[in-house]
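So the structure is just underneath, and the comments pick up after that.
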Amino acid sequence: MPHALTELKVHTVTKPAGTASHQLEADVCVVGAGVSGISAAIESAQLGRDVVLVDSLPVLGGQMVNSLIGLFCGVYGNGPGYRQLTHGIFADLEASGDLHVNRGHTITVTYDEVALGRWVERRIRELGIRVVLGASITGVERDGRRIAAVSFATRHGAVRVTAPGFVDATGDAALAWEAGLPCRVPERTIYGSQQIVLEHLHEEHQPDREELAEHVHAKAAEWGLVRRDGLAFFFPGRNTAVLNMTHIPAPLDPVEASAAQLDGREQADRVVEFLRAEYPKAFGEAKVRSYGLPGRRQTRWIKGSHQLSLDEVRAGTRFEDAVARTAWPIELHAKVGAMAGPWLGGVILDAGLGARGAFIVFSVCPAVMVLVLFALGRVQRRLPAEAEGALSAELPATGVAAARPAVQI
Ligand SMILES: Cc1cc2nc3c(=O)[nH]c(=O)nc-3n(C[C@H](O)[C@H](O)[C@H](O)COP(=O)(O)OP(=O)(O)OC[C@H]3O[C@@H](n4cnc5c(N)ncnc54)[C@H](O)[C@@H]3O)c2cc1C
């Protein structure tokens, strides 16, 4: 009897001449499948649009899944009302026990990144959204001020997508940049972080958050720790925690970005050594379960029609066409080693894009707060916390929301 391998027939193939690219047409092409792009794609599909969702990573979820961010912030308003501002995904993940709501003056929501990643994948499939993964932008064709087509390189060949609408949800304004549209960059470095998930912890001995931050600060030089105000987010009942205790640059230069990634891992390892030695009861048996992809904060963003200023936030300036909402203090990662001010407690920020979608991504740089989402993105309305109860207009529930960066994260 012949061996199965001898029955495997093969033949020779050669790449055909010419531009053998895959051509796709859609109503909306969303570039970037992080929390912003996922939200844009889901909302567009729910409005009956034919959507193509593209990302340079081979998986969906962007940073929230693959950089192990670990927390949703700004989902709830601050005290005394603590009103939930964003729904959708939260009900689903809460039902499966994959969310934990941390109640304090500000409320954060810890999530299981594996469950979140699968939620995203299932939702995208249910809605019939076509996905092109492992695809990086190689070219943009413009028709005047509009983007008409975008080309991507994948390991399986070139892909070209035409659509009347494109969404730049790349986090780095990569689509706008490649299209030759004006972008903005901070004049100081804004640091990202190398996140890790630790397992085999003893959460009953976990240090108090403030005590940990103070201890890290005191011992940072001795242990060679770069960031001096680290945070460990435990997921109750699982003896795991996400560590946000590093500060790494997030350059736009490809070689420097790759070097920063490796530096970040070294930093993370030093943090683990520190925790094992200084908190043996909680961290003595800690093992790194996973290293996230580099976490990036404010890198480059689209020059929008309006740039929200710090003064506007402080004044609680209202805009008429808000479609989304988040609540969070402002933070700034512009100083290596620690989170720098200004801190603005209890800002509720409603952001919108002139569409029904409620996907919010904002960043803060010195004296400037910016919506980073798309070319059209504008922060449109925000209220001080005390005005929260007075809000009457219900904004649409969305699948997901993200604040970038919103608090000491
Ligand atoms: C350490 C850290 C902690 C944070 N903590 C929190 C927190 O607690 N709560 C919170 O709400 N927010 C937090 N943030 C901010 C949060 O991570 C971001 O706001 C959010 O994840 C950004 O989502 P996004 O979809 O805009 O971008 P991303 O998640 O970065 O997604 C962009 C996607 O675009 C793709 N892409 C980029 N360039 C190209 C290209 N040229 N071609 C094709 N695809 C491309 C990328 O692969 C990526 O998947 C944190 C950020 C960091 C770094």
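The values are calculated or read from the model by the stated rules, or taken from the named source; none is laboratory data. Because the structure is predicted, anything quoted here is derived from the model rather than measured. All Cβ positions, glycine included, derive from the backbone under ideal geometry; neighbour counts span all protein chains shown.
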Boolean, residue 63 is at pLDDT 90 or above, of a type in the set (S, T, N, Q) and away from the ligand (no atom under 15 Å from the Cβ) | no
Qualifying positions in the stretch 1-56 - farther than 30 Å from residue 87 by Cα and among the β-branched types (Val, Ile, Thr) | 6, 10, 12, 13, 14, 19
Would you mind stating whether residue 144 is more than 16 Å from the ligand (Cβ to nearest atom), over 30 Å from residue 243 (Cβ atoms) and small (Gly, Ala, Ser)?
-> yes
Scanning for something within 30 Å of residue 56 (Cα to Cα) and either basic (Lys, Arg) or in contact with a Pro (Cβ under 6 Å, 6 or more places away or on another chain) (or both), does the stretch 207-225 turn up at least one residue?
-> no
Using the structure shown, decide if residue 170 is part of a loop (DSSP other than H, G, I, E, B) and within 23 Å of residue 35 (Cα to Cα).
-> yes
With (1) away from the ligand (no atom under 15 Å from the Cβ); (2) at pLDDT 95 or above as the list, and residue 188 as the residue in question, which single condition is left unmet?
-> (2)
Would you be able to say whether some residue in the stretch 116-125 is crowded, with 19+ Cβ neighbours inside 10 Å, more than 30 Å from residue 234 (Cα to Cα) and more than 9 Å from the ligand (Cβ to nearest atom)?
-> no
With the condition kept exactly as written, say whether any residue in the stretch 299-310 is outside any strand (DSSP E or B) and either modelled with pLDDT under 80 or within 12 Å of the ligand (Cβ to nearest atom) (or both).
-> yes
With the condition kept exactly as written, say whether any residue in the stretch 212-221 is in contact (Cβ under 8 Å) with a residue 60 or more places away in the chain, within 16 Å of the ligand (Cβ to nearest atom) and of a type outside the set (Lys, Arg).
-> no
Name the one entry in 131, 161, 109, 101 that is within 14 Å of residue 178 (Cβ to Cβ) and assigned to a strand (DSSP E or B).
-> 161
Filter result for the condition that a residue is in contact with an Asp or Glu (Cβ under 7 Å, 6 or more places away or on another chain) and assigned by TED's automatic domain parsing to the domain that holds residue 99, over 176, 213 = 176
Return the pairs, sorted by first residue and then second, in which the second residue is within 13 Å of the ligand (Cβ to nearest atom) and of a type outside the set (S, T, N, Q), the first residue lies in the stretch 315-334 and is within 24 Å of residue 230 (Cα to Cα) and not assigned by TED's automatic domain parsing to the domain that holds residue 108, the beta carbons are less than 9 Å apart, and the residues are 6+ apart or on different chains.
-> none
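Yes/no matrix, rows are residues, columns are (1) buried (at least 17 other Cβ atoms within 10 Å of the Cβ); (2) closer than 25 Å to residue 72 by Cβ:
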{"residue": "183", "(1), (2)": "yes, no"}
{"residue": "188", "(1), (2)": "no, no"}
{"residue": "191", "(1), (2)": "yes, yes"}
{"residue": "194", "(1), (2)": "yes, yes"}
{"residue": "201", "(1), (2)": "yes, yes"}
{"residue": "205", "(1), (2)": "no, no"}
{"residue": "208", "(1), (2)": "no, yes"}
{"residue": "218", "(1), (2)": "no, no"}
{"residue": "231", "(1), (2)": "yes, yes"}
